[in-house]
Amino acid sequence: MSYKIPLFELNFDEQEEKAVIETMRSKWISMGPKTKEFETTFAGMLGARHAIALSNCTVSLHLAMVLMQIGPGDEVICPSLTFAATVNAIRYVGAVPVFCDIVSAGELNIDPAHAESLITKKTKAIVVMHYGGFPCDMEKFTGLCKQYNLKLIEDACHGPLSEYKGKKLGTIGDVGCFSFFSNKNISTGEGGMLVCNDDDTDQKTRLLRSHGMTSMSYDRSKGHSTSYDVVELGYNYRMDDIHAAIGLVQLQKLESDLKRRAQVRAWYEEALQGTDAVTIPFIQNKEFTSNYIFPVVLKNNAKISRDRLRETLHEQGIQTSIHYPPVHLFSIYQSGLVHLPITEFVGNNLITLPMYGSLK
């Protein structure tokens with residue numbers, strides 16, 4: 001059906017169309033100058049030393065595991081209230097995901113206290129996912145990782161330009177991973193970015209994203225190189241210039257879009273604060289955030305079930321969603337041994353309401 005109020009609305013217009021046409025007419029559509037410009041602009045907006053454009057965020061998370069030298073038998077602490085890709089990337093390298101609970105129904109991010117209780121001799125890293133663009137307690141997580149000599153990977157796919165104590169999310173841990181999927185704050189259809197501040201990590205990421213080759217097709221086409229060597233077992237994880245051109249336009253729109261989203265969130269908060277049947281997550285947050293989504297959690301005293309409420313909204317032409325079904329309850333990860341009471345309660349009672357800058 002066509003919703004009167006969709007869950008999200010693509011922030012595209014003739015600017016993206018023009019960027020695509022210009023790139024096609026340039027006769028260079030694979031990874032080249034637009035990709036480089038996109039990387040430089042994105043890194044500058046985050047205050048990061050390096051940003052490496054990739055084909056999607058899932059491969060960014062996979063490369064993060066490879067770069068942090070995580071492998072078979074290693075344990076990686078991660079949230080379950082996230083998209084499956086966050087956890088799948090751990091499995092890609094043969095490591096073991098160790099599911100951690102969230103703080104509360106009002107704070108949907110991974111709980112640092114529970115994370116510390118899960119650390120063993122096999123623990124190699126912690127993955128934090130900044131839910132909805134709202135920051136995890138990075139002071140506690142960086143402290144934990146320093147104390148126990150662990151790597152810290154930020155899944156910042158919800159949080160371009162979101163901040164934690166003046167720092168942009170994705171720039172605080174060892175590496176940060178971003179998504180440009182069609183419903184994200186920055187949309188290129190498919191696309192991702194890995195952000196880091198370490199020169200060696202940057203160099204290795206650039207090798208790994210393109211078959212471990214020492215020079216790229218664009219370099220050779222411009223006469224900067226006539227041959228190449230393969231020095232790493234790499235992948236084909238490149239972004240192309242068509243997607244990058246769209247991304248550059250999206251970056252120009254990002255700050256104004258985030259300001260409009262903040263107004264939409266304020267309207268929601270004002271309208272719902274008098275309702276004792278729902279918890280509004282992150283209502284105490286004072287940081288600048290991307291407001292990627294607007295979730296609410298039904299309390300135990302709610303007079304209608306989550307699913308019935310979604311059906312009612314659907315009947316009124318209002319689209320909703322659930323971010324997310326807990327990953328540890330999916331068939332591939334379900335062991336019966338993991339019990340995360342807060343995550344499971346939220347998984348049964350959370351509704352994602354429409355959120356986009358043009359929402360009235």
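The values are calculated or read from the model by the stated rules, or taken from the named source; none is laboratory data. This is a predicted model, so every value here is computed, not measured. Virtual Cβ from ideal backbone geometry, glycine too; neighbours counted across all protein chains shown.
I need the full set of residues from segment 15-32 which are part of a loop (DSSP other than H, G, I, E, B), hydrophobic (A, V, I, L, M, F, W, C) and over 27 Å from the mean Cα position of the chain (by Cα), in order please.
Passing the criteria: only TRP28.
So that you can scan it fast, the table gives a plain yes or no per residue for (1) touching a residue at least 12 places away in the same chain (Cβ under 8 Å); (2) in a helix (DSSP H, G or I); (3) crowded, with 20+ Cβ neighbours inside 10 Å:
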position: THR35; (1), (2), (3): yes, yes, yes
position: ALA64; (1), (2), (3): yes, yes, yes
position: PRO72; (1), (2), (3): yes, no, no
position: ILE77; (1), (2), (3): yes, no, yes
position: VAL87; (1), (2), (3): yes, yes, yes
position: LEU108; (1), (2), (3): yes, no, yes
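Looking at (1) part of a helix (DSSP H, G or I); (2) under 18 Å from the mean Cα position of the chain (by Cα); (3) farther than 21 Å from LEU169 by Cβ, which is the only condition ARG261 fails?
(3)
If LYS27 satisfies every condition in (1) crowded, with 23+ Cβ neighbours inside 10 Å; (2) at pLDDT below 95 but one, which is the exception?
All conditions are met except number (1).
Restricting the search to segment 179-188, which residues are among the polar types (S, T, N, Q) and either more than 27 Å from ILE242 (Cβ to Cβ) or surrounded by 24 or more Cβ atoms within 10 Å (Cβ to Cβ) (or both)?
If the condition is that a residue be among the polar types (S, T, N, Q) and either more than 27 Å from ILE242 (Cβ to Cβ) or surrounded by 24 or more Cβ atoms within 10 Å (Cβ to Cβ) (or both), then SER179, ASN185, THR188 are the ones that fit.
Which of the residues that make up segment 289-339 are buried (at least 18 other Cβ atoms within 10 Å of the Cβ) and over 18 Å from PHE8 (Cα atoms)?
Across segment 289-339, the qualifying residues are VAL297, LEU298, ARG306, LEU309, PRO326, VAL327, HIS328, VAL338.
Condition first: of a type outside the set (S, T, N, Q), assigned to a helix (DSSP H, G or I) and either modelled with pLDDT of 95 or more or in contact with a strand residue (DSSP E or B) (Cβ under 7 Å, 6 or more places away or on another chain) (or both). Can you find one or more residues in segment 148-166 that meet it?
yes
Of all residues in segment 300-318, how many are part of a loop (DSSP other than H, G, I, E, B) and not basic (Lys, Arg)?
So the count comes out to 7.
Kindly establish whether LEU248 is free of Cβ contacts under 8 Å to residues at least 60 places away in the same chain, assigned by TED's automatic domain parsing to the domain that holds GLY44 and part of a helix (DSSP H, G or I).
Judged against the criteria, LEU248 is not a match.
Of the residues PRO135, PRO160, only one is buried (at least 20 other Cβ atoms within 10 Å of the Cβ) and more than 20 Å from LYS253 (Cβ to Cβ); which?
Result: PRO135 is the single residue among PRO135, PRO160 that is buried (at least 20 other Cβ atoms within 10 Å of the Cβ) and more than 20 Å from LYS253 (Cβ to Cβ).
Within segment 319-342, which residues are in a loop (DSSP other than H, G, I, E, B), on the phi < 0 side of the Ramachandran plot and not hydrophobic (A, V, I, L, M, F, W, C)?
Hits for segment 319-342 are GLN319, THR320, HIS323, TYR324, PRO325, PRO326, SER331, TYR333, GLN334, SER335, HIS339.
Please pick out the residue among GLY170, GLY176 that is crowded, with 24+ Cβ neighbours inside 10 Å and assigned to a loop (DSSP other than H, G, I, E, B).
Going through GLY170, GLY176 in turn, just one is crowded, with 24+ Cβ neighbours inside 10 Å and assigned to a loop (DSSP other than H, G, I, E, B): GLY170.
Any residue in segment 255-265 that is small (Gly, Ala, Ser) and either buried (at least 20 other Cβ atoms within 10 Å of the Cβ) or in contact with a Leu (Cβ under 7 Å, 6 or more places away or on another chain) (or both)?
No - not one qualifying residue is present in segment 255-265.
Considering every residue within segment 218-237, establish whether at least one is in the same structural domain as VAL59 (by TED's automatic domain parsing) and on the phi > 0 side of the Ramachandran plot.
yes
Out of ILE304, ILE322, ILE293, ILE318, report the one residue that is closer than 25 Å to ILE186 by Cα, over 22 Å from the mean Cα position of the chain (by Cα) and hydrophobic (A, V, I, L, M, F, W, C).
ILE318
It is to be established whether one or more residues within segment 132-144 are in contact (Cβ under 8 Å) with a residue 40 or more places away in the chain, part of a strand (DSSP E or B) and in the same structural domain as SER80 (by TED's automatic domain parsing).
Looking for residues that are in contact (Cβ under 8 Å) with a residue 40 or more places away in the chain, part of a strand (DSSP E or B) and in the same structural domain as SER80 (by TED's automatic domain parsing), one finds none in segment 132-144, hence no.
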